[in-house]
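Take a look at the structure below.
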Amino acid sequence: ENSHPGPPLWCVMDAGREQCFTARYSITEQGRQEQTIEPQIMEIKKWLQIVVPGDRITGPLTPAIAERLPAGAETLSAENWLPRAEFVARVGIRKFQQGQTASLWEFSPHYYRLSAAEEKQQAADHS
């Protein structure tokens, strides 16, 4: 919602433990987002290796990794690094107008890894 059509757009957030939550989108000429890489958690070092010149970067992790990006990768302007309710509302309105609705009872979080406590317990169980 905060970008124009063009090269792929990465959204990246800090996941702690030297990891990031990331997804890649393409913005169509009609201004619609098309997800080209599903949201996932990965090591920041690994993610930096798959970013290529021409890719655009946004998200809360941007200021922390900007100097480590490969030459030719472009960060969006700083006012677009944090998610804003306005953009969520725009997406919701567009989906509603297209007849896409969801029940409150269908919402559930997406967990991309175990909590630190669960990881510790799992390690103890396997030792």
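The values are calculated or read from the model by the stated rules, or taken from the named source; none is laboratory data. Just so we're clear, the structure is a prediction, and the values are computed from it rather than from any experiment. No Cβ is skipped: glycine too gets one built from the backbone with ideal geometry, and neighbour counts run over all protein chains shown. The protein model used for the area step is the full one, side chains on, heavy atoms only, and it has no ligands, DNA or RNA in it. Shrake-Rupley method; radii C 1.70, N 1.55, O 1.52, S 1.80 Å.
Tabulated data for the structure shown
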item	result
Subset of region 116-127 (residues that are of a type in the set (S, T, N, Q) and modelled with pLDDT under 85)	Ser127
Matching residues, region 75-102, being over 19 Å from the mean Cα position of the chain (by Cα) and in a helix (DSSP H, G or I)	Ile93, Arg94, Lys95, Phe96, Gln97
Arg90, sole failed condition from (1) open to solvent by 70 Å² or more (accessible area, probe 1.4 Å); (2) touching a strand residue (DSSP E or B) at 6+ places or on another chain (Cβ under 9 Å); (3) farther than 24 Å from Ala116 by Cα	(2)
Verdict on Trp105 being aromatic (Phe, Trp, Tyr), in a helix (DSSP H, G or I) and in contact with a strand residue (DSSP E or B) (Cβ under 6 Å, 6 or more places away or on another chain)	no
Selection from region 27-51 of residues that are under 30 Å from Leu114 (Cα atoms) and among the hydrophobic types (A, V, I, L, M, F, W, C)	Ile37, Ile41, Met42, Ile44, Trp47, Leu48, Ile50, Val51
